[in-house]
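Undergrad: Please read through the structure below; I'll follow up with questions.
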Amino acid sequence: MTRRIAIFASGSGSNAEKIAEHLTNSTDVEITLILSNSPKAGVIDRARRLHIPVLLFDRTTFYESSRVIRLLQEQQIDLIVLAGFMWLMPSELVQAFPNRIINIHPALLPKFGGKGMYGHFVHEAVVAAGETESGITIHYVNERYDEGQVIFQARCPVTPTDSPEDVARNVQKLEHEHYPRVIADLVAAL
Ligand code: GRF
């Protein structure tokens, strides 16, 4: 039976593309849909190139209607993957997909997580705090930012001369290396 993944993304979409590449030859997993709140996001062009259907939605649709949930249910989505999606998941959606929503965070949670901790803010905070390592956290999603159960972490060193951009580059390398594989493993275990 084919397992079906939906990716929520509103940024450049580099993780979404790596996941799609990784799964491209798989006969039992497909990326059914990419969902985004941002029509100008890089991920939209990538999705077009990858021939993955896109659903764009706005804040009112997401938080005040059940359209997105209904669509995910109709499409029989097995796993929801957040890859650069900034909005909190509504509790109705979390409850409709228990332990079926995962996120990647560009730091070693519980450090450097929570509201406002995204993108360059994370790496700036890591450097400002004088951390000697950073990394990625892949975790289940609940109704609070970055608090769900941790599934996987990978680490990279941070040296005293590293800039936030250096840390961002090293962390992104880890994301691309591990997120597709962790997703494939999770789906295989469903
Ligand atoms: C990644 O750094 C991810 O950890 C975070 O958002 C970023 C998305 O990057 N949640 P991209 O759009 O996949 O390039």
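Undergrad: Where a ≥ b ≥ c are the square roots of the eigenvalues of the C-alpha gyration tensor, would you call region 55-190 rounded, which needs a/c under 1.5, or, failing that, prolate if a/b is larger than b/c, or oblate?
TA: Numbers: a/c = 2.51, a/b = 1.76, b/c = 1.43.
Note, shape of region 55-190 comes out prolate.
Undergrad: Quote the FRET efficiency, to the nearest 0.05, computed for MET1 versus HIS120 with a Förster distance R0 of 35 Å and r equal to the Cβ-Cβ distance. Mind dumping the intermediate values first?
TA: Numbers: r = 41 Å, r/R0 = 1.17.
Efficiency, from the Cβ-Cβ distance: 0.30.
Undergrad: Under the Kirkwood approximation for Rh and a Cα-based Rg, what ratio Rg/Rh is obtained for region 1-43? Display every interim value, and only then the final one.
TA: On the way: Rg = 11.0 Å, Rh = 10.8 Å.
Value, to two decimals: 1.01.
Undergrad: Given the -39500 (n - 2.57) contribution per DSSP H run of 4+ residues, what per-residue ellipticity at 222 nm results for the chain, rounded to the nearest 500 deg cm²/dmol?
TA: Working: 7 runs with 73 residues, N = 190.
It lands at -11500 deg cm²/dmol.
Undergrad: Moving on to the next point. I need the shape label for region 31-72. Rule: rounded when a/c is under 1.5, else prolate if a/b > b/c, else oblate, with a, b, c from the alpha carbon gyration tensor.
TA: oblate
Undergrad: Taking H as built 1.01 Å from N, whose amide H comes closer than 5 Å to the amide H of LEU82, not counting residues under 5 places away?
TA: Answer set, sorted by chain and number: PHE8, ILE102, ASN103, ILE104.
Undergrad: Calculate the spin-label point distance for GLU74 paired with ARG144, positioning each point 7 Å from the Cα along the beta-carbon direction, and give it in nanometres.
TA: Here the answer is 3.5 nm between the modelled labels.
Undergrad: Can you tell me, using C-alpha contacts under 8 Å and at least 6 residues apart, the relative contact order of region 1-43 as a whole percent?
TA: 59
Undergrad: Let me ask something else about it. Check CYS156: other-chain or 5+ apart residues with amide H under 5 Å from its amide H, H built from backbone geometry?
TA: Residues meeting the amide H criterion: SER134, GLY135.
Undergrad: How high is the relative contact order of region 3-189, in percent, counting Cα pairs under 8 Å that sit 6 or more residues apart?
TA: Details: 322 pairs, mean separation 39.0, N = 187.
Answer for region 3-189 is 21 percent.
Undergrad: What aspartates and glutamates does LYS115 reach when the alpha-carbon gap must be under 13 Å and sequence neighbours fewer than 8 apart in one chain are set aside?
TA: Filter leaves GLU143, ASP146, GLU147.
Undergrad: Please list, by residue number, every one of the trypsin sites (Lys or Arg not before Pro) in region 1-45 that is coil in DSSP and has at most 10 other beta-carbon atoms within 10 Å.
TA: On the way: sites: ARG3, ARG4, LYS18, LYS40; in loops: LYS40.
Answer by residue number: LYS40.
Undergrad: Full extension from SER12 to THR61: what is 0.36 nm times the residue separation minus their Cα-Cα distance, to one decimal in nm? Present the calculation step by step, with values, prior to reporting the outcome.
TA: On the way: separation 49, 0.36 × 49 = 17.64 nm, distance 2.25 nm.
Length gained between SER12 and THR61: 15.4 nm.
Undergrad: Measure out, as a whole number of angstrom, how far apart the alpha-carbon centroids of region 176-190 and region 1-72 sit.
TA: Region 176-190 and region 1-72 have Cα centres separated by 16 Å.
Undergrad: Follow-up question, since we're still on this one. Connecting C-alpha atoms closer than 10 Å in a GNM of the chain, tell me which of ASN15, ASN99, ASN142 has the biggest fluctuation.
TA: Top of the fluctuation ranking is ASN99.
Undergrad: Counting other Cβ atoms within 10 Å, keep those with at most 16, restrict to DSSP loop, and tell me which chymotrypsin sites (Phe, Trp or Tyr not before Pro) in region 76-117 are left. Display every interim value, and only then the final one.
TA: On the way: sites: PHE85, TRP87, PHE112; in loops: PHE85, TRP87, PHE112.
Filter output for region 76-117: TRP87.
Undergrad: Going Cα to Cα from LYS173, which lysines come in below 20 Å? Please leave out same-chain ones fewer than 8 positions away.
TA: Candidates past the 8-residue exclusion: LYS18, LYS111.
None of the figures in this text is laboratory data; all of them are computed from the coordinates on show. None of these values were measured; they are calculated from a predicted model. Every residue, glycine as well, gets a Cβ built from its backbone with ideal geometry; the counts of neighbours run over all protein chains shown.
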